[in-house]
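The values are calculated or read from the model by the stated rules, or taken from the named source; none is laboratory data. Predicted, not measured: the structure shown is a model, and the values here were computed from it. Cβ: placed from backbone, ideal geometry, glycine included. Neighbour counts: every protein chain shown.
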Amino acid sequence: MSTRPASALPSGPIRQHRGRGVAVVGTDIDTDRIIPARFLKCVTFDDLARGAFADDRMELAGSHPFDRSVHQEASVLVVNSNFGCGSSREHAPQALMRWGIRALIGESYAEIFFGNCLAMGIPCLSAEPATVRALQEAIAADPGAELLLDLEALEVELESEFVGANRWPVHLDPGPHQMLLSGQWDGTAQLVAHDAQLTATASALPYLNGFR
Amino acid sequence: MSAGTLYDKVWDLHRVAELPGGSTQLFIGLHLIHEVTSPQAFAALRDLGLGVRHPERTVATVDHIVPTTSQARPLADPLAEEMLATLETNCSQHGITLHGLGSGRQGIVHVIAPELGLTQPGMTVACGDSHTSTHGAFGAIAFGIGTSQVRDVLASQSLAMAKLKVRRIWVDGRLQSGVYAKDLVLHIIRTLGVKGGVGYAYEFAGPAIEALSMEERMTLCNMAIEGGARCGYVNPDATTFAYLQGRPSAPSGEAWQRAVAWWSHLASGPDAVFDDEVRFDAAAIAPTITWGITPGQGIGVDETVPTLEQTAPEERPLAQEAYRYMDLQPGSPIAGTPVDVCFIGSCTNGRISDLQAAAAVAKGRQVAAGIKAFVVPGSEQVAAAAKAEGLDAVFTAAGFEWREPGCSMCLAMNPDRLEGRQVSASSSNRNFKGRQGSATGRTLLMSPAMVAAAAITGRVTDVRELLGA
């Protein structure tokens, strides 16, 4: 199964992204589909790109979007509703990221998947069904077209000499939006810094203090 | 916005800080870890030069990758052995209790934490596994997390979270004989859909819920996530307290009385405000079974596979994909569908009452010719309890295989898996394409008693016919 060398993984503030799109069409695509459980037998995430959509790709024998040559440079994954439902396995977004995905645009996402992506610096932008359909059609018509994701303005712009230019609004809740723009999406340091408050919270919890 | 619910009260008690952007830093009272989603988190901790903030609030077991035949070390699969050895090393380095193979306390993480009394009302519980919602059965706020968040909880015993809305799911009446908590939750998901719960915590309440045992409540909350709700819970009551009393990690002596008083006041009050409410009638629910490729594609065992016309327009592409994958005809009865493999187990239905219900069907009968049927207890304690009452002998006499505890064919990370296009009758929680280890394997979700009935007849069967209900 073809894989390609990953570009640099996300770091710091994420304000925009430019890249080609790849569309995986369908509702309720679960994380077992994104990466089957047999690929979870590992102690690092390094080698997961080969597991991305592995069963679907096997079934489609080369015609899955992740195997089509026109999409080998793609970095924006366009999906439909409830993408990433099911298992909490972070291996799923890790596999997509290591394949080359740096942002998603879709109708909606499962919560745990969304949170996993956020913690990796991968924005999951939501968009109206009509926008998603238009993007899927544009990608099919011109796979080489570049998408420009402006996270500050929350807009996606398509530049194509074949299907013309267009621009659509996308949505991101204020919390994740700010975390990505500020670069604080990898929040461990922030959580660890509140140690005194953490101690105060714990000292007031009855079940940690003999129920007194 | 919800107010005065158990969710609100537990949330407020565990708030550490408000974070920029509007999320909340939430203290985690119990962190459960296992071999699949923790190794990368420990590695990240090492890279950051951080330790485990509360090793005494962190508990480990091994469940996903363990074989259910021989569990002798080293495990036959070198990758599985590496994962187990990595967990052992990480737990030993950080002073974390690991309930390992043969300890008497090993098992599926969502089975052992309740049976050890670790899960208690009013706690926040996190684990790198989506079925952590199970622990909500105790009136805990429990949710699955990914590996980056496992790292965060190890490092800080807390998480950045956004508060959920609360939907009360009120269930009147009583479940009929031969209808179980599994049928109830499959019915709820079938009605509200697999994404109906996104953004919500589900509070299960009402007479039918109050009548459920703790193990039934665990089955119900376990599958909240299959309806899109990351967290589901039941208010603690006398049933909860009776289950907890005397368990190894439950409070004892004078602390017990204080604990019961505190737990009691956590329940959603009569003036609690919910963001949404949905009502069901338990008496109207039949044994329920999935026919498709999501847990929402369920029907009563006496119904037919829905036609496109009976399906909402936005669900039709998925229904068509399911007809093809499952090779089922719209409009045809689901009862009578031949099965190949029958699996009783998992964090949804691998507890002692599940095995008792299945054994009641299997007792004195024989597994149909050509059917592979096996029972995987949810934990070493469940296995011991089953043996003590002779259930293992009932199953083996009927032609079932009796196995060692683990997650097994629920997700097929161990050697237990479907082959080719086999159809499984499964007491687990997910019927996704490829879920049970074959890219073309097919899964029909149902209660353990229904799985036993399918094993006996070789076909999808209304268990009430065998129970004389």
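Quick grid of which residues meet (1) under 15 Å from the mean Cα position of the chain (by Cα); (2) in contact (Cβ under 8 Å) with a residue 60 or more places away in the chain; (3) within 14 Å of chain B (Cβ to nearest Cβ):
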{"residue": "A:Leu149", "(1), (2), (3)": "yes, yes, no"}
{"residue": "A:Glu155", "(1), (2), (3)": "no, no, no"}
{"residue": "A:Gly183", "(1), (2), (3)": "no, yes, yes"}
{"residue": "A:Thr201", "(1), (2), (3)": "no, no, yes"}
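The listed residues are B:Tyr202, B:Tyr233, and the only one of them that is of a type in the set (Ser, Thr, Tyr), over 21 Å from B:Ser428 (Cβ atoms) and either in contact (Cβ under 8 Å) with a residue 60 or more places away in the chain or crowded, with 22+ Cβ neighbours inside 10 Å (or both) turns out to be B:Tyr233. Out of all the residues in segment B:74-85, is one or more surrounded by 21 or more Cβ atoms within 10 Å (Cβ to Cβ) and facing chain A (nearest Cβ under 10 Å)? Among the residues of segment B:74-85, at least one is surrounded by 21 or more Cβ atoms within 10 Å (Cβ to Cβ) and facing chain A (nearest Cβ under 10 Å), which makes the answer yes. Please tell me if B:Ser148 is over 18 Å from B:Tyr233 (Cα atoms) and not aliphatic (A, V, I, L, M). Yes; evaluated as a whole, the condition is true for this residue.
When A:Gly121, A:Gly183 are checked against the criterion of being small (Gly, Ala, Ser) and surrounded by 20 or more Cβ atoms within 10 Å (Cβ to Cβ), a single residue qualifies: A:Gly121.
The requirement of being β-branched (Val, Ile, Thr), in contact (Cβ under 8 Å) with a residue 12 or more places away in the chain, in contact with a strand residue (DSSP E or B) (Cβ under 6 Å, 6 or more places away or on another chain) and crowded, with 24+ Cβ neighbours inside 10 Å is fulfilled somewhere in segment B:365-379, by at least one residue. Total residues in segment A:188-199 satisfying the condition of being more than 7 Å from every other protein chain (Cβ to nearest Cβ) and closer than 20 Å to B:Ala140 by Cβ: the figure is 0. When B:Arg279, B:Arg316 are checked against the criterion of being more than 26 Å from B:Ala453 (Cβ to Cβ), within 14 Å of chain A (Cβ to nearest Cβ) and surrounded by fewer than 21 Cβ atoms within 10 Å (Cβ to Cβ), a single residue qualifies: B:Arg316. Taking the criterion of being surrounded by 13 or more Cβ atoms within 10 Å (Cβ to Cβ), of a type in the set (A, V, I, L, M) and over 20 Å from B:Ala142 (Cα atoms), the only residue of segment B:236-271 that qualifies is B:Ala255. Taken over segment B:149-176, the residue count meeting the criterion of being surrounded by 24 or more Cβ atoms within 10 Å (Cβ to Cβ), out of contact with any Lys or Arg (no Cβ under 6 Å at 6 or more places or on another chain) and facing chain A (nearest Cβ under 8 Å) is 6.
No other residue among B:Gly104, B:Gly136, B:Gly146 is farther than 29 Å from B:Gly269 by Cβ, buried (at least 24 other Cβ atoms within 10 Å of the Cβ), of a type in the set (Gly, Ala, Ser) and at pLDDT 95 or above apart from B:Gly146.
Scanning segment A:162-176 for residues that are within 20 Å of B:Met161 (Cα to Cα) and either surrounded by fewer than 19 Cβ atoms within 10 Å (Cβ to Cβ) or of a type in the set (A, V, I, L, M, F, W, C) (or both), we see that the one that is nearest to the other protein chains (Cβ to nearest Cβ) is A:Gly175. Taken together, the residues in segment B:246-269 that are polar (S, T, N, Q), outside any helix (DSSP H, G or I) and within 14 Å of chain A (Cβ to nearest Cβ) amount to 2. Among the candidates A:Glu128, A:Glu152, A:Glu157, the residue that is of a type in the set (D, E, K, R), modelled with pLDDT of 95 or more and closer than 22 Å to A:Ser182 by Cβ is uniquely A:Glu152. Residue selection: A:Gly144 fails the criterion of being of a type outside the set (Asp, Glu), buried (at least 16 other Cβ atoms within 10 Å of the Cβ) and out of contact with any Asp or Glu (no Cβ under 8 Å at 6 or more places or on another chain). Highlighted here are the helices (runs of 4 or more DSSP H) found entirely within segment B:370-469 that include at least 1 residues which are of a type in the set (A, V, I, L, M, F, W, C) and within 17 Å of the chain's Cα centre (by Cα): B:380-388, B:448-457.
Residue-by-condition table, conditions (1) modelled with pLDDT under 95; (2) over 16 Å from the mean Cα position of the chain (by Cα); (3) assigned to a loop (DSSP other than H, G, I, E, B):
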{"residue": "A:Ala8", "(1), (2), (3)": "yes, no, yes"}
{"residue": "A:His17", "(1), (2), (3)": "no, no, no"}
{"residue": "A:Asp28", "(1), (2), (3)": "no, no, yes"}
{"residue": "A:Asp32", "(1), (2), (3)": "no, no, no"}
{"residue": "A:Leu96", "(1), (2), (3)": "no, no, no"}
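Scanning segment A:45-84 for residues that are touching a Lys or Arg at 6+ places or on another chain (Cβ under 6 Å), under 22 Å from A:His17 (Cβ atoms) and either within 10 Å of chain B (Cβ to nearest Cβ) or not in a loop (DSSP other than H, G, I, E, B) (or both) yields A:Leu48, A:Ala49. Exactly one residue among A:Leu104, A:Leu180 is part of a strand (DSSP E or B), touching a helix residue (DSSP H, G or I) at 6+ places or on another chain (Cβ under 9 Å) and within 30 Å of B:Ile33 (Cα to Cα), and that residue is A:Leu104. Identify the single condition in (1) more than 21 Å from A:Trp185 (Cβ to Cβ); (2) touching a Phe, Trp or Tyr at 6+ places or on another chain (Cβ under 8 Å) that A:Leu48 does not satisfy, given that it satisfies every other one. Single failed check for A:Leu48: (1).
Of all the criteria given as (1) more than 14 Å from every other protein chain (Cβ to nearest Cβ); (2) crowded, with 19+ Cβ neighbours inside 10 Å; (3) within 25 Å of A:Phe113 (Cα to Cα); (4) in contact with an Asp or Glu (Cβ under 8 Å, 6 or more places away or on another chain), the one not satisfied by B:Met1 is (2). Pairing residues of segment B:177-195 that are on the phi > 0 side of the Ramachandran plot with residues that are surrounded by fewer than 23 Cβ atoms within 10 Å (Cβ to Cβ), at Cβ distances under 6 Å and at least 6 apart in sequence or on separate chains, gives B:Gly178/B:Arg464; B:Gly178/B:Leu467; B:Gly178/B:Ala469.
State whether one or more residues within segment A:54-62 are among the acidic types (Asp, Glu) and touching a His at 6+ places or on another chain (Cβ under 9 Å). Yes: one or more hits. Taking the listed residues B:Val10, B:Val16, the one that is touching a residue at least 12 places away in the same chain (Cβ under 8 Å), under 17 Å from A:His194 (Cα atoms) and among the β-branched types (Val, Ile, Thr) is B:Val16, with no other qualifying.
Of all the numbered requirements in (1) within 23 Å of B:Ser353 (Cβ to Cβ); (2) within 10 Å of another protein chain (Cβ to nearest Cβ), B:Leu116 misses one, and that requirement is (2). Taken residue by residue, segment B:241-263 has no member that is in contact with a strand residue (DSSP E or B) (Cβ under 9 Å, 6 or more places away or on another chain) and either of a type outside the set (Gly, Ala, Ser) or under 19 Å from B:Phe280 (Cα atoms) (or both). Of all the numbered requirements in (1) outside any helix (DSSP H, G or I); (2) over 15 Å from B:Met218 (Cα atoms); (3) within 13 Å of chain A (Cβ to nearest Cβ), B:Leu98 misses one, and that requirement is (3).
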